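Everything below concerns the one structure shown next.
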Amino acid sequence: MNQMMKNRDGGIKKIIKKRIESQRTLKKMNKRNKLRTTGTPPSPTDPSLTRDEIRRGVGKTKPTLVTKPTLEIKEPISIIVTAWQTQDFIEECLDSIENQTYFINNNDYEILIGVDACQDTLNKLFEIKHKYRNLEIFMMNSNKGTYVTTNTLLNLIKFENILRFDSDDVMILEMVNEIMYFKDDYNLIRFRYYKKFHDKIIEEKKKIQYAHGVAFFKCMLFDELGGYQPWMCAADTELMKRGESLINEKLIHKPLFYRRYRDDSLTGNQEFGMKSEYRKNCYESFFDKEYNNSNYKINRKTNSYVRC
């Protein structure tokens, strides 16, 4: 009798053990499938990921970041892009704009490219401009930096909604659509990004960073602030500090574009980069100022140009 009870108890334990193992296996499969179906796509030039790349976090984002459905009512938007020595990257940039979900069956937008006196970049644009809708190219007569070029393009835009973008970066397909969900309630929208080193894509997880230079603005904000400082170094922080009393900001936690990292970029080069003496001198005078409602607007310095 005791032996029968022991055999029965042993059989029950085996059944319970098998059920637990089956549940663990099913849980692992569901987790793996969820990652495959809800993660943000990796590099737009290479849509496939190996298991090792997934494990290391390449091209992966948190599964809770859900893509919004495409808006039915699409308001117009001006995209302004400044370009200098980006002939090797600007086609990928423009492809990502042309392929936006927001622009499917929608022609109510414009792309303004300001070439900062770089003939190589202009030559590349002449080769590829036939591929894109609503594209206008302006060649600056002298090299004065991305902010003077941006100020120049601000005088030429048609629409109230403005997206400022860099010519060596790449949009994810839903970028414009995601931003335009919040356009009515905010005059500045910033968002996260993936870091792009050559063909390697990394999502920053240790330190949450939101882009400064690539951002959405309402035109009236620039009307109130005048524009950017005419510095050759990064001046995005200065504009946002000067206009903080006017800014109603939205931060989108989702990465919306691929930010290319290279040694000769604005923030990376030795002459005008983040650690340069030039930038140090500009920002030393900037931090000495206390902005108030009487001096947040500056004169918008622009460049002369040729429409190409």
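The values are calculated or read from the model by the stated rules, or taken from the named source; none is laboratory data. Quick caveat, the model's predicted, so the values are computed rather than measured. With ideal geometry, Cβ positions are generated from the backbone for all residues, glycine too; neighbour counts draw on all protein chains shown.
If you check ILE128, ILE97, ILE79, ILE111 for being surrounded by fewer than 18 Cβ atoms within 10 Å (Cβ to Cβ), among the aliphatic types (A, V, I, L, M), at pLDDT 95 or above and under 25 Å from GLY213 (Cβ atoms), only one passes: ILE128. Scanning region 75-105 for residues that are more than 22 Å from ASN155 (Cβ to Cβ) and in a loop (DSSP other than H, G, I, E, B) returns GLN85, THR86, GLN87, ASP88, PHE89, ASN99, GLN100, ILE104, ASN105. Put simply, of ASN141, ASN134 the only residue that is more than 22 Å from the chain's Cα centre (by Cα), surrounded by fewer than 20 Cβ atoms within 10 Å (Cβ to Cβ) and touching a residue at least 24 places away in the same chain (Cβ under 8 Å) is ASN141. Residues that are surrounded by 22 or more Cβ atoms within 10 Å (Cβ to Cβ), at pLDDT below 95 and either closer than 16 Å to SER78 by Cβ or of a type in the set (A, V, I, L, M) (or both): does region 152-161 have at least one? For region 152-161, residues surrounded by 22 or more Cβ atoms within 10 Å (Cβ to Cβ), at pLDDT below 95 and either closer than 16 Å to SER78 by Cβ or of a type in the set (A, V, I, L, M) (or both): absent.
Would you mind stating whether THR86 is more than 15 Å from LEU173 (Cβ to Cβ) and either surrounded by fewer than 17 Cβ atoms within 10 Å (Cβ to Cβ) or out of contact with any strand residue (DSSP E or B) (no Cβ under 6 Å at 6 or more places or on another chain) (or both)? It is true that THR86 is more than 15 Å from LEU173 (Cβ to Cβ) and either surrounded by fewer than 17 Cβ atoms within 10 Å (Cβ to Cβ) or out of contact with any strand residue (DSSP E or B) (no Cβ under 6 Å at 6 or more places or on another chain) (or both). Close Cβ contacts (under 6 Å, 6 or more residues apart or on different chains) running from residues in region 213-241 that are closer than 20 Å to PHE257 by Cβ to residues that are outside any helix (DSSP H, G or I) and β-branched (Val, Ile, Thr) comprise PHE216/ILE189; PHE217/ILE162; ALA234/THR267. Looking at (1) among the hydroxyl-bearing types (Ser, Thr, Tyr); (2) modelled with pLDDT of 95 or more; (3) under 25 Å from CYS233 (Cβ atoms), which is the only condition TYR186 fails? Evaluating TYR186 over (1) among the hydroxyl-bearing types (Ser, Thr, Tyr); (2) modelled with pLDDT of 95 or more; (3) under 25 Å from CYS233 (Cβ atoms) leaves (3) as the failure.
Listed by position, the helices (runs of 4 or more DSSP H) contained in region 202-290 that have at least 2 residues being at pLDDT below 90, of a type in the set (Asp, Glu) and farther than 25 Å from LEU154 by Cβ are 277-287.
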